[in-house]
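Values quoted throughout were computed directly from the atomic coordinates according to the rules given, and no laboratory measurement underlies them. Just so it is clear, the model here is predicted, and its values are computed rather than measured. Quick reminder, even Gly has a Cβ in these numbers, built from the backbone with ideal geometry, and neighbours come from all protein chains shown.
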Amino acid sequence: MTASKTNLSIHLAAPRGFCAGVDRAIEIVEKALERYGAPVYVRHEIVHNRFVVDRLAGMGAIFVEELEECPEDRPVIFSAHGVPKSVPAEAKRRQMIYVDATCPLVSKVHREAERHYANGRHILLIGHDGHPEVVGTLGQLPVGAMTLVETTADAEMVQPPKGADLAFASQTTLSVNDTAEIISILQRRFPDISPPKQEDICYATTNRQGAVKAAAENTDLFLIVGASNSSNSNRLVEVALLSGAKNAHLIATAEDIDWAWFQGINTVGLSAGASAPEQLVEEVIDAIKVRYEVTVKEIKIAEETTRFKLPRELVL
């Protein structure tokens, strides 16, 4: 006689997974392969997800770290995170075909930074050192035009150029709460600092963090599907823990689940970072269903309808 399965409730956060910028970036690679044929080169991972990258590689995309690795006779695509201005300038100098898949909301931050710089302001950029988006944003302006602020401690200590008018900008995938704390410190220290015209943290990051916050209450365990190098996915783990989850882990796929995490638990929260496909979420649910009698409750805080247009050169 087969033993009955233990009951387990899954709180499924929504929105989750792909955002409009990720959808657009992936479609850009697919359309480029369709238009130009394989291979098409992509500078850096198009989005931070190995599953997505491997699928596109199977279609004929070749992922490289630097432009120097790309032949001049094949198209190159710049990732959704954005690139320094020197990269398209070099591609143009080499007379390469290139397509910019930078998320329009990241491009908005770039244009805001340029506007502040043109108005004579020094920019305090809130973000994570070395993240591709931060590298790209810093690279929109001359060296020294921005100062990176990573933490509240940095915000308390930062010393911008003496007498400079100031503005702030931020990486689009940061913790909403952490960033608000940093901004509060900067505004206390520098009352005349200019803010962005619109919030820099993107709607998808805000929505996914809000959904995890709503779903995390009274959960014993929260799983976030996403890549270890995905900023927005790592922030979701932090949000889950701060919002009531007793334990939380980032997993790339269902294979990363440690079933010891499930001992003695009744409720699991589940979400996915903005570059993780829904298929991976479904595989996690299926893996749990093998071992437990599962009830899934979707907790939705917003309906996302945003869509971004493709670059003109790929509209067939």
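Numerical summary
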| read-out | value |
| --- | --- |
| The range 20-103 - Rg over Rh from alpha carbon coordinates, Kirkwood radius | 0.92 |
| Rounded to whole Hz, the Karplus (6.51, -1.76, 1.60) HN-Hα couplings of the range 220-231, x for glycine and proline | 7, 8, 10, 10, 10, 8, x, 7, 5, 9, 8, 4 |
| For the range 161-225: rounded, prolate or oblate by the Cα gyration tensor [a/c cutoff 1.5] | prolate |
| Filtered trypsin sites (Lys or Arg not before Pro), the range 241-309: DSSP coil and at most 11 other beta carbons within 10 Å | Arg307, Lys309 |
| Partner lysines for Lys31 [C-alpha distance under 28 Å; skip if fewer than 8 residues away on the same chain] | Lys85, Lys92, Lys108, Lys309 |
| Two-site FRET efficiency, Ile265 against Ser184, from Cβ-Cβ distance with R₀ of 25 Å, rounded to 0.05 | 0.10 |
| Cα→Cβ-extended label distance, 7 Å offset, between Ala153 and Lys246, nm | 3.2 |
| Reachable aspartates and glutamates from Lys5, criterion Cα separation under 20 angstrom, eight or more residues apart if same chain | Asp220, Asp258, Glu282, Glu283, Asp286, Glu293 |
| Val290/Asn119 FRET efficiency (R0 51 Å; Cβ-Cβ; nearest 0.05) | 0.30 |
| Anisotropy class of the range 105-189 from Cα gyration tensor, a/c 1.5 cut | oblate |
| Estimated D of the chain in µm² per second, where Rh is the Kirkwood radius over Cα pairs and Stokes-Einstein applies at 20 °C, 1.002 mPa s | 103 |
| In sequence order, calculated HN-Hα J values of the range 81-97 (Karplus, 6.51, -1.76, 1.60; Hz; x Gly/Pro) | 6, x, 9, x, 4, 5, 6, x, 5, 5, 4, 5, 4, 7, 6, 8, 7 |
| Net lengthening on full extension, Glu283/Val176 (0.36 nm per residue, minus Cα-Cα) | 35.6 nm |
| 13 Å reach of a label modelled at Glu27, 7 Å along Cα-to-Cβ, counting backbone N of the range 93-136 | 104 |
| Relative contact order computed over the chain (Cα-Cα under 8 Å; 6+ residues apart), in percent | 27 |
| Residues Arg111 and Thr253, FRET efficiency given R0 of 35 Å [Cβ-Cβ distance, rounded to 0.05] | 0.45 |
| Label-point separation, Arg35 to Asn7 (7 Å along Cα→Cβ), nm | 5.5 |
| Estimated inter-spin distance, Glu65 and Val315, nm [label 7 Å along Cα→Cβ] | 3.8 |
| Leading residue at positive end of dipole, the chain (Cβ point charges), from Ile26, Thr306, Val64 | Thr306 |
| Amide H contacts under 5 Å for His122, placed H, 5+ residues apart | Asp165, Leu166, Ala167 |
| Assigned charges on the beta-carbon of Lys, Arg, Asp, Glu; the chain dipole about Cα centre (debye) | 700 |
